[in-house]
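The block underneath contains the structure these notes are about, expressed in structure tokens.
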Amino acid sequence: MKRLGAIIAGGKATRFGSDKAAANLNGRPLIEHVMEGLRKQVDRLIVVGRDWPGVESVSDLPSAGLGPLGGLNAALQFAQLNGFDEVVTAGCDVLPVPEFRSERLDGYAIYVDGHYLFGVWPVELAPLLQRRLSGQNNLSMRNWIAAIDAHPINCPVVFQNLNTPSDVAHFAAQNSTFGLR
């Protein structure tokens with residue numbers, strides 16, 4: 001099973017007030033902590049929706065401004081064109097990154113319940129999502145998950161969505177031994 005890791009990072013960070021992906025967390029940009037969590041479970045890593053030094057990037061598809069589904073679509077299209085079987089996704093602003101088993105649950109897409117950007121998506125979904133985004137204005141990740149009958153999984157970890165500089169500071173203070181370098 002060949003896996004592509006994709007960090008969805010095309011948001012505007014309006015609540016953050018600056019570049020969220022570049023926010024300093026224990027001496028490193030936030031996005032690099034997410035990369036570290038994904039890298040060990042995939043064959044190749046990309047960043048979707050923005051450029052980041054040292055990592056291949058792709059633009060949201062079919063255009064910017066479509067939210068997470070535009071990022072997921074870009075990752076699935078890239079995976080399909082490059083011979084991957086599935087895409088493991090993470091947002092650039094949630095930690096820690098869960099570890100996904102190497103096989104999907106009964107061949108379905110899976111996602112972490114309550115954190116829809118953490119998921120494993122079979123590349124076979126690429127044409128379906130492309131058609132959906134071309135023909136609908138519904139950009140809801142929840143509706144997409146329902147449409148494809150993706151399966152939620154529970155994780156015993158408490159995830160932190162780091163939407164503001166104070167969220168990052170609080171997370172850093174509470175998790176200084178978390179393994180973040």
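The values are calculated or read from the model by the stated rules, or taken from the named source; none is laboratory data. From a predicted model like this one, the values you see are computed outputs, not experimental measurements. Backbone-built Cβ (ideal geometry, glycine too); neighbour counts: all protein chains shown.
Mind listing whichever residues of segment 60-94 are among the aliphatic types (A, V, I, L, M) and more than 11 Å from the chain's Cα centre (by Cα)? Hits for segment 60-94 are L61, A64, L66, A74, L76, A79, L81. Contact map, segment 132-149: first residue among the acidic types (D, E), second residue part of a helix (DSSP H, G or I), Cβ cut-off under 6 Å, separation 6 or more or different chains; the map is empty. Among the residues of segment 24-39, those that are buried (at least 16 other Cβ atoms within 10 Å of the Cβ), within 18 Å of S166 (Cα to Cα) and either of a type outside the set (V, I, T) or free of Cβ contacts under 8 Å to residues at least 12 places away in the same chain (or both) comprise L25, P29, L30, H33. If only residues of segment 143-170 that are part of a helix (DSSP H, G or I) and of a type in the set (S, T, N, Q) are counted, the one that is farthest from G119 (Cα to Cα) is S166.
Inclusion of E32 among residues that are in a helix (DSSP H, G or I) and not basic (K, R) is warranted.
Taking the conditions exactly as written (at pLDDT 95 or above, buried (at least 23 other Cβ atoms within 10 Å of the Cβ), aliphatic (A, V, I, L, M) and out of contact with any Phe, Trp or Tyr (no Cβ under 6 Å at 6 or more places or on another chain)), does A9 satisfy them or not? Before the answer, list the steps.
Details: at pLDDT 95 or above: no; buried (at least 23 other Cβ atoms within 10 Å of the Cβ): yes; aliphatic (A, V, I, L, M): yes; out of contact with any Phe, Trp or Tyr (no Cβ under 6 Å at 6 or more places or on another chain): yes.
Criteria not met by A9.
Scanning segment 42-55 for residues that are under 17 Å from E99 (Cβ atoms) and either modelled with pLDDT under 95 or touching a helix residue (DSSP H, G or I) at 6+ places or on another chain (Cβ under 8 Å) (or both) turns up just one, L45.
Here the strands (runs of 3 or more DSSP E) wholly within segment 40-116 that include at least 2 residues being touching a residue at least 60 places away in the same chain (Cβ under 8 Å) and crowded, with 21+ Cβ neighbours inside 10 Å are 86-91.
Among the residues that make up segment 5-16, is at least one of them assigned to a loop (DSSP other than H, G, I, E, B), over 24 Å from V168 (Cα atoms), touching a residue at least 12 places away in the same chain (Cβ under 8 Å) and aliphatic (A, V, I, L, M)? Within segment 5-16, none of the residues are assigned to a loop (DSSP other than H, G, I, E, B), over 24 Å from V168 (Cα atoms), touching a residue at least 12 places away in the same chain (Cβ under 8 Å) and aliphatic (A, V, I, L, M). Being under 14 Å from N73 (Cα atoms), surrounded by 12 or more Cβ atoms within 10 Å (Cβ to Cβ) and small (G, A, S) is the filter here, so list the residues in segment 126-177 that pass it. Hits for segment 126-177 are A126, S140.
Run down S63, S57 and say which single residue is in contact with a strand residue (DSSP E or B) (Cβ under 9 Å, 6 or more places away or on another chain), on the phi < 0 side of the Ramachandran plot and not hydrophobic (A, V, I, L, M, F, W, C). Give the derivation first.
On the way: S63 fails: in contact with a strand residue (DSSP E or B) (Cβ under 9 Å, 6 or more places away or on another chain).
Step by step, each of S63, S57 is checked, and only S57 is in contact with a strand residue (DSSP E or B) (Cβ under 9 Å, 6 or more places away or on another chain), on the phi < 0 side of the Ramachandran plot and not hydrophobic (A, V, I, L, M, F, W, C).
Has segment 99-115 got any residue that is touching a helix residue (DSSP H, G or I) at 6+ places or on another chain (Cβ under 7 Å) and farther than 23 Å from L162 by Cα? Yes: one or more hits.
Reported count of residues in segment 56-110, each being under 26 Å from H170 (Cα atoms) and at pLDDT 95 or above, is 2.
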